[in-house]
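Beneath this line is the structure, given in structure tokens, with notes to follow.
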């Protein structure tokens with residue numbers, strides 16, 4: 001069965017510092033991978049996705065993620081965090097290909113301190 | 001960009017009542033809509049997938065008689081929590097897609113349901 005693991009429940013970084021959020025997946029076929037962000041009391045916004053091709057993908061708000069098949073990872077990075085980046089981040093894998101029917105990880109809550 | 005409106009954003013009601021949540025795609029035709037449930041500090045759990053004009057497909061463990069889903073048009077899906085009880089209190093989120101593996105899911109802002 002497919003699964004997504006986000007080992008860090010909560011991360012605190014200083015504004016301006018770099019950020020890396022970890023995501024590991026378990027899926028038998030070629031994965032379709034996503035990162036979403038959720039602000040408190042709101043739905044999810046897609047940051048970026050990986051379907052195929054270049055393993056380093058660029059997203060919105062200055063985020064990027066790198067797919068590493070050998071490590072079954074899809075870590076999210078940002079070189080310089082802004083206070084407005086404080087939110088919950090979810091990694092997800094598409095079960096049947098593409099955007100349809102994704103499985104979400106348990107999320108990483110990001111706190112940004114001045 | 002594509003907009004999904006979910007209403008109401010918050011509802012508080014007494015145990016035993018039924019609650020209807022609406023999910024509308026405002027500027028695109030949503031052939032497929034998904035309903036998720038999110039418990040505090042947890043991830044989204046897919047409850048069901050609904051395709052316009054068809055019966056919803058429920059995930060294992062989700063009571064279809066408890067959570068009624070209707071997707072009668074290409075812009076509207078509703079989730080009705082019947083005879084709600086305190087354990088049904090949760091954050092419910094819908095998403096909509098134009099269909100096909102390359103069409104992204106667009107999420108509503110969620111509904112906070114509190115059953116007293």
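Is it the case that region A:106-114 has a residue that's within 13 Å of chain B (Cβ to nearest Cβ), more than 16 Å from residue A:21 (Cα to Cα), part of a strand (DSSP E or B) and in contact with a helix residue (DSSP H, G or I) (Cβ under 9 Å, 6 or more places away or on another chain)?
Scanning region A:106-114 turns up no residue that is within 13 Å of chain B (Cβ to nearest Cβ), more than 16 Å from residue A:21 (Cα to Cα), part of a strand (DSSP E or B) and in contact with a helix residue (DSSP H, G or I) (Cβ under 9 Å, 6 or more places away or on another chain).
Which is surrounded by fewer than 19 Cβ atoms within 10 Å (Cβ to Cβ) and touching a strand residue (DSSP E or B) at 6+ places or on another chain (Cβ under 7 Å), of B:79, B:44, B:116, B:74?
On the way: B:79 fails: surrounded by fewer than 19 Cβ atoms within 10 Å (Cβ to Cβ); B:44 fails: surrounded by fewer than 19 Cβ atoms within 10 Å (Cβ to Cβ); B:74 fails: touching a strand residue (DSSP E or B) at 6+ places or on another chain (Cβ under 7 Å).
Sole residue among the options that is surrounded by fewer than 19 Cβ atoms within 10 Å (Cβ to Cβ) and touching a strand residue (DSSP E or B) at 6+ places or on another chain (Cβ under 7 Å): B:116.
Take the residues in region A:1-32 that are outside any loop (DSSP other than H, G, I, E, B) and modelled with pLDDT under 90; name whichever of them is farthest from residue B:110 (Cα to Cα).
A:26
In this structure, is residue A:20 in contact with a helix residue (DSSP H, G or I) (Cβ under 7 Å, 6 or more places away or on another chain), surrounded by fewer than 17 Cβ atoms within 10 Å (Cβ to Cβ) and more than 26 Å from residue B:97 (Cβ to Cβ)?
So residue A:20 does not fit the description; no.
To keep it simple, each residue is scored yes or no on (1) crowded, with 17+ Cβ neighbours inside 10 Å; (2) within 15 Å of residue B:36 (Cα to Cα).
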{"site": "B:65", "(1), (2)": "no, no"}
{"site": "B:70", "(1), (2)": "no, yes"}
{"site": "B:98", "(1), (2)": "yes, no"}
{"site": "B:105", "(1), (2)": "yes, yes"}
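Quick one: which strands (runs of 3 or more DSSP E) sit completely within chain B and have at least 2 residues that are under 30 Å from residue A:9 (Cα atoms) and within 11 Å of chain A (Cβ to nearest Cβ)?
B:4-7, B:32-38, B:44-51, B:90-97, B:111-115
The values are calculated or read from the model by the stated rules, or taken from the named source; none is laboratory data. Remember, predicted model here, so these are calculated numbers, not experimental data. Virtual Cβ from ideal backbone geometry, glycine too; neighbours counted across all protein chains shown.
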